[in-house]
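K.L.:
Following this message is one structure expressed as structure tokens.
The values are calculated or read from the model by the stated rules, or taken from the named source; none is laboratory data. Predicted, not measured: the structure shown is a model, and the values here were computed from it. Heads up, the Cβs are rebuilt from the backbone with ideal geometry, glycines too, and the neighbour counts pull from every protein chain shown. The area values use the complete protein model at the heavy-atom level, side chains included, leaving out ligands, DNA and RNA. Shrake-Rupley method; radii C 1.70, N 1.55, O 1.52, S 1.80 Å.
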Amino acid sequence: MRDLLYYLRDAFEFWRLDIYGAPVLLALDQYHHTPGTLSDLRIRLGKIRELTALPVIYAVEALTSYERKRLIEQKVAFVVPGNQLYLPDLGLDLREYFRQRPRINAEKLSPSAQAILITILLRPTWTHEWHPAETAQRLGYTPMTLSRAMRELAATGLVNTQKQGRVQVLEIPGQPREIWHQALQRLRSPVQRVAWTNGPIAGSPSTRLAGLTALASLSMLNDPRVPVQAISLSVWNALNSAVDVLPEAQIGAYEWQLWSYAPALLPGSDTVDPLSLILSLRDNSDERVQSALDELEAQLPW
């Protein structure tokens, strides 16, 4: 591989192997992401093929759905270990479709259990009992999902479950602020990933202002240059074919946080709920952001 240009040897680690008796060159991304744009990547792989006279397979740890789609459209052979193998010259397109059975995580709450707990804590009128059926339908949870979430919450010791006749009721022994701080170590950011579009998404009432945009509207923090909104991952996937997704952030773009649960836990609000907002930004290293989050929590009616 000494004949390869320096910038190519710096960007990739190379392995020569045989597939069905045919020699190929595996170009492993040294930086674990697509170097430059996809068009730049195609040019680099073409240069490697020209210099080595071998078919080249691009190997990378992870790709977004947009990047996979573009590589397939451009007939670029690639492999994402444990996920997908695309070799157009050999007619191979192998993907991993199986899913593992979900398990209850003793450390972190599931998205549905977290959403239910936050809904309980943000009720306008605090009582120590809560009837799950009151909000389960609004959150879009099936009886099975609701039952599982209640078992999770009871297992943490934060709440107790009991039956009143045929109705299951949650009993919350503490006060909202106390329960919130006890639960923090079991809660996670609802943001699963981020995407960008040229503008807002029409026809989706379940979107909410999120991230620094939401925090700016609820505090003295300045608005970010890129507006941030949240949408549930399930709604996003349903709209994905009708949405023109950008490969990266651009001037004038909209940033979308794809959430593990619906960002519209509070009806009638333009922003995501304050507790989920705190969770989504608590790892932000900006002191101004942390100060604004402290101010936001202090404003909660607890």
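K.L.:
May I ask you to give the solvent-accessible area per residue for the chain, in square angstrom, as obtained with a 1.4 angstrom probe? Each step should come with its number before you reach the end.
P.N.:
Details: 17410 Å² over 302 residues.
For the chain, the per-residue accessible area is 58 Å².
K.L.:
Between Ser285 and Gln192, how high is the FRET efficiency from 1/(1 + (r/R0)^6) when r is the Cβ-Cβ distance and R₀ = 22 Å? Nearest 0.05. Don't jump to the answer; show the numbers that get you there.
P.N.:
Details: r = 21 Å, r/R0 = 0.94.
Once rounded, the FRET efficiency stands at 0.60.
K.L.:
Just to be sure I understand: of the beta bridges DSSP finds with both ends in the stretch 143-268, what percent are antiparallel, rounded to 5? Show your work: numbers first, answer last.
P.N.:
Working: 15 of 20 bridges.
Bridges in the stretch 143-268 that DSSP calls antiparallel: roughly 75 percent.
K.L.:
Given the peptides 227-235, 124-132, 67-75, 151-159, arrange them by the average over their residues of other C-beta atoms within 10 Å, most packed first. All intermediate terms of the calculation are to be shown ahead of the outcome.
P.N.:
Numbers: 227-235: 21.1, 124-132: 12.3, 67-75: 15.2, 151-159: 17.6.
Sorting 227-235, 124-132, 67-75, 151-159 by mean packing, highest first, produces 227-235, 151-159, 67-75, 124-132.
K.L.:
Show me 262-268, 181-187, 285-291 ranked by packing, highest mean number of other Cβ atoms within 10 Å first.
P.N.:
Ranked by mean Cβ neighbours within 10 Å, highest first: 262-268, 181-187, 285-291.
K.L.:
What percent of all Cα-Cα pairs in the chain falls into each 10 Å bin, going from 0 up to the bin containing the maximum distance?
P.N.:
Histogramming the chain at 10 Å steps yields 5, 22, 25, 21, 15, 8, 3, 0 percent.
K.L.:
Starting from 0 in steps of 10 Å, tell me what percent of the Cα-Cα pairs of the stretch 144-302 lands in each bin.
P.N.:
Final binned percentages: 9, 33, 33, 18, 6, 0.
K.L.:
Under the rule of at least 5 residues apart or a separate chain, name every residue whose amide H is placed under 5 Å from the amide H of Ile19.
P.N.:
The answer is Val24.
K.L.:
How would you order 42-49, 163-170 from highest to lowest mean count of nearby Cβ atoms within 10 Å?
P.N.:
By packing density, highest mean first, the sequence is 42-49, 163-170.
K.L.:
May I pose another question? Give me the lysines in straight-line cross-link reach of Lys47: C-alpha distance below 27 Å, same-chain residues under 8 apart excluded.
P.N.:
In chain and number order, the partners are Lys69, Lys75.
K.L.:
Ignoring ligands, DNA and RNA, what percent of the accessible area of the chain is carbon or sulfur (1.4 Å)?
P.N.:
Using a 1.4 Å probe with all protein chains present, the chain comes out at 51 percent carbon and sulfur.
K.L.:
Let me ask something else. Please compute the net charge surrounding Asn198, taking Lys and Arg as +1 and Asp and Glu as -1 over other residues with Cβ under 14 Å from its Cβ.
P.N.:
Local net charge: -3.
K.L.:
What are the principal axis extents of the Cα atoms in the stretch 149-237, in Å, biggest first?
P.N.:
52, 31, 20
K.L.:
Taking the DSSP beta bridges in the chain as the whole, what percent of them are antiparallel, to the nearest 5?
P.N.:
On the way: 32 of 44 bridges.
Approximately 75 percent, going by the DSSP bridge assignments.
K.L.:
Dipole magnitude of the chain about its Cα centre, charges +1 at Lys/Arg Cβ and -1 at Asp/Glu Cβ only, in debye to the nearest 20? Don't jump to the answer; show the numbers that get you there.
P.N.:
Numbers: 30 positive and 31 negative charges, 176 e Å.
Taking the Cα centre of the chain as origin, the dipole is about 840 debye.
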